[in-house]
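The structure appears right after this line, and notes come after that.
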Amino acid sequence: MLYFRFPEGEKFYTTDDDASEVNVNFVSFDRKKEIDFKGNLIEISAEEIAEEDYVPKSKKERIELYKDTEDTYSRKVLQAIDYIKANQLKKLVISRGKILMYTDISHDKKLALGKSFLQFCDNYPTAFCYLFEKDGQCWMGGFSEVLGKYNKKTNAFETMSLAATLPLNEAWTDKEIEEQKPVTDYVHSVLKRFAVDISVSKVQDHISGNIKHLRTDFKATVYPQDLENLIKELHPTPAVCGFPKDVCMQGIKIIEFNSREFYSGFIKVETEEEIYYFVNLRCAEFFKSYAILYVGGGITEKSDPKKEWTETELKSLAIQNNLVFD
């Protein structure tokens, strides 16, 4: 089962039974896991999606791995700050899982995944949104960060650097500006190796539900033989990992005791004319009686553990506030 909607789109899509080629891929953060959906992309109605009544399987042993409290996450942040100083880093991205028991929302109603997906789409019109179940795994999510958008006819390539997070009513500080700049510098440096005719926009606000980020857009020309190598170098970007990539990946392994799974990985969708690569950030994995909401944040030397916890709580609401129970 797979349902998705493109950013700013009004149509919903799934795949048919043609198993000749793969058109949608979900790739994990560490690229060690991949879930492929074969078949041509076909439209599906909202009414059909609303009737989806899949019940996720139960894996109770996962709960203990993701029970982060404010205290345990604060210790992660402080450990990350020490790692940043020791390795002279500008930024390191640390994640956490938030356990959401369905009984905390409703005692007598059942989670309606199809309706939850549709509500999520309504509230995040600029995001790529999806719901899938395959091989016993059930995920829903969506985000508007584009790792890459490629036109197969013109070789035009678009990407962005997206980082820093604040509530909509707060003003940007040096901390957020310093967090976004290395992401922009990194994306630009990678594009110089694989693309020509590069143009860079000014920094702008990027609104995502109840929070905002800083964003810089890039446009370039990329030839077909360089596309996959470009994506390989771009992922994971400093926005989901940090920079330098290898040092930050090692720090993540040391500090995070839980697996990110498909959180902060990417989703590849290929159509007749274009290939899209979407970063998988606002997402959750669903089980029979609970969900794991995946969230994280960019840590710098100036990070405050309490503010970082609040930021992750705000991000978790993207999924939590859109769950529908019937």
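The values are calculated or read from the model by the stated rules, or taken from the named source; none is laboratory data. For clarity, every value in this text was computed on a predicted model and none was experimentally measured. All Cβ positions, even for glycine, are placed from backbone atoms using ideal geometry, and neighbour counts span all protein chains on display. Just so you know, the surface numbers come from the protein's heavy atoms only, side chains and all, with ligands and any DNA or RNA stripped out. Shrake-Rupley method; radii C 1.70, N 1.55, O 1.52, S 1.80 Å.
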Solvent-accessible area, 1.4 Å probe, carbon plus sulfur percent, for the chain | 48 percent
Karplus-derived 3J(HN,Hα), 6.51/-1.76/1.60, for each residue of the stretch 311-324, Hz, glycine and proline x = 4, 5, 5, 4, 5, 5, 5, 4, 8, 4, 6, 10, 7, 10
Please list, in chain and number order, the residues 5+ apart from CYS129 or on another chain whose amide H is under 5 Å from its amide H, with Hs placed from the backbone.
-> ARG5
Of the peptides 192-201, 121-130, 292-301, how do they stack up when ordered by the mean number of other Cβ atoms within 10 Å, highest first?
-> 292-301, 121-130, 192-201
Gain in length, LEU317 to ASP82, computed as 0.36 nm per residue apart minus the alpha-carbon separation, to one decimal in nm?
-> 81.7 nm
Dipole magnitude (debye, nearest 20) for the chain, charges at Cβ of Lys, Arg, Asp, Glu = 1140 debye
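Suppose R0 equals 22 Å. What FRET efficiency, 1/(1 + (r/R0)^6) with r the Cβ-Cβ distance, do MET101 and THR310 give to the nearest 0.05?
Values: r = 21 Å, r/R0 = 0.97.
The pair MET101/THR310 has a calculated efficiency of 0.55.
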Calculate, in nm to one decimal, what LYS192 and THR69 gain on full extension: separation in residues at 0.36 nm each, minus their alpha carbon distance.
-> 40.1 nm
How would you rank 29-42, 209-222, 135-148, highest first, on the average number of other Cβ atoms within 10 Å across their residues?
-> 135-148, 209-222, 29-42
On a C-alpha basis, how far is the centre of the stretch 1-59 from the centre of the stretch 70-90 in Å? Whole number, if you could?
-> 37 Å
By average Cβ neighbour count within 10 Å, what is the ranking of 280-289, 94-103 from highest down?
-> 280-289, 94-103
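Accessible area per residue of the stretch 41-152 at 1.4 Å probe, in Å²?
48 Å²
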